[in-house]
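Undergrad: Submitted below is the structure of interest, expressed as structure tokens.
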Amino acid sequence: MEEQKKRILLADDHRVLRTGLKLLLSSQPDFTVVAEASDGLEVLAALGEKEVDIVLLDLSMPNMNGLECLARIHAEYPRARVVVLTMHTDTAYIQKCMVSGASGYLCKDAIDTELFNALRTVAGGERYLGAREAHALIDGLMDMQEADLSAREREVLELLARGYSLTDIAEKLYLSVKTVSTYKTRLMQKLGCETKAELVDYALRHKLL
């Protein structure tokens, strides 16, 4: 008995890209595109009308963006698996999508055999990350683990990065200026920073702002 094809919904606001993806997927015997959408609202409408196994979802769409749509799909159509296909390579996006219920995350410049691998992996009930995305997550986690910042140190780092003075931070956190200064010194030692600008850069890279 022939295995049933996996039904895919393509969600991207660029019609040309959707057309290309549809042609690409139609070249595989185990995929069929059953619906297309140009924004998050159309995605939800399509899911309400058709049986869909996998949603191939872009993040940058009008009316309802991919992240909002992902949360709605996860809540309203939990059986539908979502593979995020986007230009965003930022670790924060990857983490947010996976926490919000995505089954896979892949960058658009990897639209080749890796896309097929991602869809088949997700269809089999597992999660999938592209090699670059997996490395980004691992590197970010290792950096944070090596830093080993306490909750209070993270608070001080965030406030320093936002431009607060030592006095302002002391008042905000109900600490003495001397204690805040000690935290600042400790942060610089732990993170290998020599200037406040380097602390700000660290906070930005690790999405503490």
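Undergrad: Checking Val34 against (1) out of contact with any Leu (no Cβ under 9 Å at 6 or more places or on another chain); (2) more than 14 Å from Ala123 (Cα to Cα), only one condition comes out false. Which one?
TA: Only one criterion is unmet by Val34, namely (1).
Undergrad: Hey, Arg132 hits all of (1) within 15 Å of the chain's Cα centre (by Cα); (2) closer than 18 Å to Gln4 by Cα; (3) charged (D, E, K, R) but one; which does it fall short on?
TA: It fails just one condition, (2).
Undergrad: Within segment 94-112, is even one residue assigned by TED's automatic domain parsing to the domain that holds Ala11 and more than 18 Å from the chain's Cα centre (by Cα)?
TA: So far as segment 94-112 goes, yes, one or more of its residues are assigned by TED's automatic domain parsing to the domain that holds Ala11 and more than 18 Å from the chain's Cα centre (by Cα).
Undergrad: Of all residues in segment 36-64, count the ones that are more than 24 Å from the chain's Cα centre (by Cα), not in a helix (DSSP H, G or I) and not acidic (Asp, Glu). Before the answer, list the steps.
TA: Initially, segment 36-64 is screened for residues more than 24 Å from the chain's Cα centre (by Cα), giving 48-51.
Filter once more, so that each one left must be not in a helix (DSSP H, G or I): 50-51.
Checking which are not acidic (Asp, Glu) leaves us with 50.
Adding up the residues that qualify gives 1.
Undergrad: Does Thr89 satisfy being hydroxyl-bearing (Ser, Thr, Tyr), assigned to a loop (DSSP other than H, G, I, E, B) and free of Cβ contacts under 8 Å to residues at least 60 places away in the same chain?
TA: When the stated conditions are applied, Thr89 passes them.
Undergrad: Still on this structure: Quick one: which helices (runs of 4 or more DSSP H) lie wholly within segment 97-209 and hold at least 1 residues that are at pLDDT 90 or above and under 30 Å from Val83 (Cβ atoms)?
TA: On the way: elements: 113-123, 131-147, 151-161, 166-173, 177-191, 196-205.
Helices (runs of 4 or more DSSP H) meeting the threshold: 113-123.
Undergrad: Could you list, in sequence order, the residues of segment 162-183 that are touching a residue at least 24 places away in the same chain (Cβ under 8 Å) and crowded, with 18+ Cβ neighbours inside 10 Å?
TA: If the condition is that a residue be touching a residue at least 24 places away in the same chain (Cβ under 8 Å) and crowded, with 18+ Cβ neighbours inside 10 Å, then Val180, Tyr183 are the ones that fit.
Undergrad: Could you tell me whether Asp53 is charged (D, E, K, R), closer than 20 Å to Ala131 by Cβ and out of contact with any helix residue (DSSP H, G or I) (no Cβ under 6 Å at 6 or more places or on another chain)?
TA: Values: charged (D, E, K, R): yes; closer than 20 Å to Ala131 by Cβ: no; out of contact with any helix residue (DSSP H, G or I) (no Cβ under 6 Å at 6 or more places or on another chain): yes.
Criteria not met by Asp53.
The values are calculated or read from the model by the stated rules, or taken from the named source; none is laboratory data. What you see is a predicted model, and the numbers here were worked out from it, not measured in a lab. FYI the Cβ positions are ideal-geometry reconstructions off the backbone, even for glycines, and counts take in every protein chain you see.
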